[in-house]
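Shown next, in structure tokens, is the structure this report addresses.
The values are calculated or read from the model by the stated rules, or taken from the named source; none is laboratory data. Everything quoted here is computed from the prediction, not taken from an experiment. When we count neighbours, we look across all protein chains shown, and the Cβ atoms used for this are built from the backbone with ideal geometry, even at glycine. Remember, those area values only see protein heavy atoms, side chains included, never the ligands or the DNA or RNA. Shrake-Rupley method; radii C 1.70, N 1.55, O 1.52, S 1.80 Å.
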Amino acid sequence: MENFQFEDLSPNKVNKVYQDLKKFGSFLYNHKMGVFLVSFSSGVAYLYHNITQSHKRKQIKLAKERVKTYFESTQKLSEREADAIISKFIDENKILDKIQTPSLASIRSEKDPEEKIKLTDQLKVSIISKLFSVLYIIPMLTVFNRLQINIIGKYCYLDYVLYKDQDHSMRLINQQTESNFINSRNNCHFLKDINFSQFIDLIQEQIKISLKDWKIDQQSSFEGFLKLLINIRNNFEKKEIIASISSDKSLLKYLIPTEEEIDNLVQSQKTPENDNDIEYQNLKMLYNEVRNIFESQKFYDVLKDSINQSFLEFTKNLREDFESTELKKQIDSIVLPDLPIEMEIPKPLVTMHNIILLPKINKQIGNIIANKKSIIEKIGSTDLINQLNYSVLTNDLDFNKVQF
């Protein structure tokens, strides 16, 4: 207030302000149409921008919902397909019967000491080889089949899902290439006898080494057997081994054909009307993409987690074989009466002779096969596998940049 001066409100100053306002009023009156148009056009532009942005947000939301619905339905399809593939592979083809397992009766009746040792070694190696084969086959085929379906979805169906009823859809991979690529129950590279035989040979070779000091006449605790499983798994599941299909020890390399095998497949389907050059290039492109994904950290994390799911199912069931009901009754009778609250005491674990343990493991293999659908569902429900496959399907699409 200290800078306020009364001369600012002198009659001359007030009169000048009044005249200026009068001129501005006259300008508005004389140019009212122009002012109106400028205001109107600005309002229209602002309104159009809002409507456009609102429409785009709705389109993005609808596109995301369509992709999500398609993604969820195809993952369910993959679960059913994986179950069918594994069922045909193990149940119908009796593939595990190719791992020869001597019976306990034949071992007991053998008179030759050296031959008896050979049979006992063969028994432990064959049963543990069957165990690892099943516990690897279920997650590997589940993860691989899902990966293939989402790669095909990206190339053949994503445009249609995004633009629904608009003329944007374009199939980049033809149906014959899709059929050759998709890991179906009737067209699975891994189901070929030679590939599975090599897969088994690799597992048996490593298990022979790992079981060298694990004698059949010794006893094992539950914890001790878990350590044995972990030691064997480490020989297959290190990233530099399993994720590198160029490695001789990688189990993944048996899932996909070599470039030479792809070439032979396409050559066998050539006709005078179709030389299949484009199909060969597309099939080669799809498998190269699989190889690149196999070697990524994300895929390794998914595969490792999926394998853990199958081993967890087995060890959870095996633990019950080590539990002692009789010993628990004795402990309960001593401990429970003196406890101030009700509680459940876990059953104590006992040690077991390996000659008794091996038939129980063999039985658990059958239980795992019978319960494979549950394992497949658990693998498919994890965030890791869904995040990876959604990324594959959408190719990490930025929906804000999609042109609607």
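Scoring 139-148, 106-115, 206-215 by mean Cβ neighbours within 10 Å over their residues and listing the highest first yields 139-148, 206-215, 106-115. Residues within the reach of a label modelled at N235 (point 7 angstrom out along Cα to beta-carbon, backbone nitrogen below 17 Å), restricted to the stretch 81-118: there are none. Label separation (L172 vs V350): 6.2 nm, computed from points 7 Å beyond Cα along the C-beta direction. For the stretch 60-130, the solvent-accessible area works out to 56 Å² per residue, with a probe of 1.4 Å and every protein chain left in place.
Charged neighbours of K253, selected by a Cβ distance under 12 Å, balance to -1 (K, R count +1; D, E count -1). Computed extension length for S247-K401: 51.4 nm, one decimal, from 0.36 nm per residue of separation with the Cα-Cα distance subtracted.
Net length available on complete extension from S374 to N317 is 19.1 nm, with 0.36 nm assigned per residue and the Cα-Cα distance removed. Taken along the Cα-to-beta-carbon direction at a fixed 7 Å, the label points for Y300 and K61 span 4.2 nm. Heavy-atom accessible area, probed at 1.4 angstrom with all protein chains present, ranks R319, R80 as R80, R319, highest first.
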